[in-house]
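Working notes, beginning with the structure itself.
The values are calculated or read from the model by the stated rules, or taken from the named source; none is laboratory data. Because the structure is a prediction, the values reported are computed rather than measured. Quick reminder, even Gly has a Cβ in these numbers, built from the backbone with ideal geometry, and neighbours come from all protein chains shown. Please note that ligands, DNA and RNA were not included when accessible areas were found on the heavy atoms of the full protein model with its side chains. Shrake-Rupley method; radii C 1.70, N 1.55, O 1.52, S 1.80 Å.
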Protein chains: 2
Amino acid sequence: MTDPAEIAAANANPPVFDEAFRDKFAELIAWRRDVRRFKTDSVAPELIEQLLDLAQLAPSVGNSQPWRWISVDSAETRARIRANFLRCNEIAASAYQGERAALYAKLKLEGIDVAPRQFALFCDRTTAQGLGVGRQTMPEALDYSVVAMIETFWLAARTLGLGVGWVSILDPQAITTELDVPATWKFIAYLCVGWPVEHHVDPELVRHHWQDRTTAGRIVLSR
Amino acid sequence: MTDPAEIAAANANPPVFDEAFRDKFAELIAWRRDVRRFKTDSVAPELIEQLLDLAQLAPSVGNSQPWRWISVDSAETRARIRANFLRCNEIAASAYQGERAALYAKLKLEGIDVAPRQFALFCDRTTAQGLGVGRQTMPEALDYSVVAMIETFWLAARTLGLGVGWVSILDPQAITTELDVPATWKFIAYLCVGWPVEHHVDPELVRHHWQDRTTAGRIVLSR
């Protein structure tokens, strides 16, 4: 929506989100999962386009919209990314001992071998868009904008029944080199996208007995 | 939901998000705004509690849930935060010249003087929750988890008609000192929450002629 008359008309009649919608939205939040177990079925390109359109409306500092998308499509590149993960995960695994190490070894932490769509997300730290508003004291707000966009995309994907898995066990420098992006792009996230083998409301790490949720983040201190 | 039988029953019957819901959700994404113009009307505490419950279900690396909430309530503390903003914004303003500087001076970039609820969000970088999963190569994923939670909270707030404004023109070190939080907590965001003076679909910075949206973030490169 860019036509001023259309915007004025819309603004005169803002949407109302009723209780039925709010209840369903609460379900959406509860049922978004970090998915690592994907079917091999492909995802219609129109669905991805639809998600990208919505994600563009995510918040960003100074309206900078600094997210940059790389669709990782070639089998070769995916194999290199997966090798990156395996290297990093081997080191990560060595931090655990005994039963915990055995449990860690059984966790499935990515779906790079199967997920039909895979995206690397970067932040263009040098974008002129936004003209610098809001990011002089906290330039990391640009990175945060990419994350807010990812969460928007993630929720929207779940409304279509699509699963998203965020892989963070990666060497970001190696990813940047492997994907041949400008050096000013900062690697933020690697997303696997596809149809989940199963929908479930309990998070993977709860489900597979790594740990339960905490309540520490629910406490609000007053100042 | 923590009872295994209840979870199993839920998992046997996952929700479906139909086209009507998806259309309304697309509206929600489009109508979420960064709000700086608030009414003075108070927000019922139950609404905030409801939002905090939902936000707890946001994604986090290794299910670490590292977000830590400070509700900034005292007039004195708010005045100090606002002074922090004014200092930072004066420096920020000096980066612009001529007409652009005049336009910047007219932008309203925060609502700290009016917003009935204000929250500082921190990331507990040392939380044991998650037992380190997913954050060895990219510890910043903890900060990103707080941001994904904020976007979840933001959208949920909008379903209630509540506005959220993210203030990033702040000296994070001074905020941490002013709010007397553990040194291991990293400042992520300052949120103003309240009833918006007006709902509108066009972003503040577009509406006030700072700049239009970009399409750069809509481009997907293939590798």
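Can you tell me which residue within the range A:63-88, out of those that are open to solvent by 10 Å² or more (accessible area, probe 1.4 Å) and among the small types (Gly, Ala, Ser), is nearest to the other protein chains (Cβ to nearest Cβ)? Across the range A:63-88, the extreme among qualifying residues is A:Ser74.
Counting the residues of the range B:186-223 that are in contact with a helix residue (DSSP H, G or I) (Cβ under 8 Å, 6 or more places away or on another chain) and among the small types (Gly, Ala, Ser) gives 2.
Within the range B:134-155, the set of residues being at the interface with chain A (Cβ under 7 Å from one of its Cβ atoms) and outside any helix (DSSP H, G or I) comprises B:Gly134, B:Arg135, B:Gln136, B:Thr137, B:Met138. Going by the conditions given, is A:Thr159 of a type in the set (S, T, N, Q) and under 26 Å from B:Leu28 (Cα atoms)? Answer is yes for this residue.
Scanning the range A:2-35 for residues that are basic (Lys, Arg) and open to solvent by less than 30 Å² (accessible area, probe 1.4 Å), we see that the one that is nearest to B:Asp18 (Cα to Cα) is A:Arg32. Checked against the criterion of being over 30 Å from A:Pro203 (Cα atoms), of a type in the set (A, V, I, L, M) and at pLDDT 95 or above, the range B:64-74 contains one or more residues that satisfy it.
Could you please let me know if A:Tyr104 is more than 25 Å from A:Lys39 (Cα to Cα), in contact with a Phe, Trp or Tyr (Cβ under 6 Å, 6 or more places away or on another chain) and at pLDDT 95 or above? When the stated conditions are applied, A:Tyr104 does not pass them. Here A:Arg223, A:Arg158 are screened, and the one residue that is within 15 Å of the chain's Cα centre (by Cα), within 8 Å of another protein chain (Cβ to nearest Cβ) and of a type in the set (D, E, K, R) is A:Arg158. Among the residues of the range A:51-61, the ones that are touching a residue at least 12 places away in the same chain (Cβ under 8 Å), in a helix (DSSP H, G or I) and open to solvent by 10 Å² or more (accessible area, probe 1.4 Å) come to 2 in all. Considering only residues that are in a loop (DSSP other than H, G, I, E, B) and either touching a strand residue (DSSP E or B) at 6+ places or on another chain (Cβ under 6 Å) or in contact (Cβ under 8 Å) with a residue 60 or more places away in the chain (or both), which ones fall in the range A:156-182? A:Leu160, A:Leu162, A:Ile169, A:Leu170, A:Asp171, A:Leu179, A:Val181, listed by residue number. Could you list, in sequence order, the residues of the range A:172-220 that are more than 7 Å from chain B (Cβ to nearest Cβ), open to solvent by less than 30 Å² (accessible area, probe 1.4 Å) and small (Gly, Ala, Ser)? Across the range A:172-220, the qualifying residues are A:Ala174, A:Ala189, A:Gly194. In the condition set (1) small (Gly, Ala, Ser); (2) open to solvent by 30 Å² or more (accessible area, probe 1.4 Å); (3) in contact with a strand residue (DSSP E or B) (Cβ under 7 Å, 6 or more places away or on another chain), A:Ala105 is compliant with all but (3). Of everything listed in (1) assigned to a loop (DSSP other than H, G, I, E, B); (2) out of contact with any His (no Cβ under 9 Å at 6 or more places or on another chain); (3) at the interface with chain B (Cβ under 7 Å from one of its Cβ atoms), the single unmet condition for A:Phe21 is (1).
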